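The values are calculated or read from the model by the stated rules, or taken from the named source; none is laboratory data. Remember, predicted model here, so these are calculated numbers, not experimental data. We place every Cβ from the backbone using ideal geometry, glycine too, and count neighbours over all the protein chains shown.
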């Protein structure tokens, strides 16, 4: 049962990670105001999509994380996605009206799944944390 839940978590996490990659290709079209709870959130997203720099960087990181996730490098995938997860959650929390809004649903799931993979692989990070707190 644990293995089934773990594989299901990887599949859902993969689907969430593929969304920015598809978005960068233009599959979803332009963002519209009705997708966001505040004008500030919509303006922020418009600014990001007009520059496209962050979209491409995020797409590349997500592809690398997807490859790592499915090639027995879950610890690396979770670390790569952690800063993106923090930024997505912070966007919804501070700019888009909170974490309990409809638009924040994927961010909430992404946060939970990323926390799960970070926790599950916590022993892999001991080498990174040696020397911290000396």
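Observations on the model:
Conditions tested, residue by residue: (1) touching a helix residue (DSSP H, G or I) at 6+ places or on another chain (Cβ under 8 Å); (2) farther than 16 Å from residue 116 by Cβ.
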site: 43; (1), (2): no, yes
site: 51; (1), (2): no, yes
site: 54; (1), (2): yes, yes
site: 68; (1), (2): yes, no
site: 72; (1), (2): no, yes
site: 76; (1), (2): yes, no
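- Flag for residue 55 being modelled with pLDDT under 90, under 14 Å from the mean Cα position of the chain (by Cα) and outside any loop (DSSP other than H, G, I, E, B): yes
- Flag for residue 129 being under 18 Å from residue 37 (Cβ atoms), exposed (fewer than 12 other Cβ atoms within 10 Å of the Cβ) and more than 14 Å from the chain's Cα centre (by Cα): no
- Single residue of 12, 7 found to be out of contact with any strand residue (DSSP E or B) (no Cβ under 8 Å at 6 or more places or on another chain), surrounded by fewer than 16 Cβ atoms within 10 Å (Cβ to Cβ), in contact (Cβ under 8 Å) with a residue 12 or more places away in the chain and within 30 Å of residue 129 (Cβ to Cβ): 12
- Criterion applied to 68, 31 was being in a helix (DSSP H, G or I) and either surrounded by 14 or more Cβ atoms within 10 Å (Cβ to Cβ) or free of Cβ contacts under 8 Å to residues at least 60 places away in the same chain (or both), and the one residue passing it is 68.
- Test set (1) over 11 Å from the mean Cα position of the chain (by Cα); (2) within 15 Å of residue 9 (Cα to Cα); (3) in a helix (DSSP H, G or I) - residue 112 fails condition number: (1)
- Condition check for residue 60: in a helix (DSSP H, G or I), farther than 30 Å from residue 129 by Cα, out of contact with any helix residue (DSSP H, G or I) (no Cβ under 8 Å at 6 or more places or on another chain) and at pLDDT 90 or above: no
- All positions within the stretch 91-104 that are touching a helix residue (DSSP H, G or I) at 6+ places or on another chain (Cβ under 9 Å) and in a helix (DSSP H, G or I): 91, 92, 93, 95, 103, 104
- Of the criteria (1) within 25 Å of residue 5 (Cα to Cα); (2) modelled with pLDDT of 95 or more; (3) within 17 Å of the chain's Cα centre (by Cα), which one residue 90 fails: (1)
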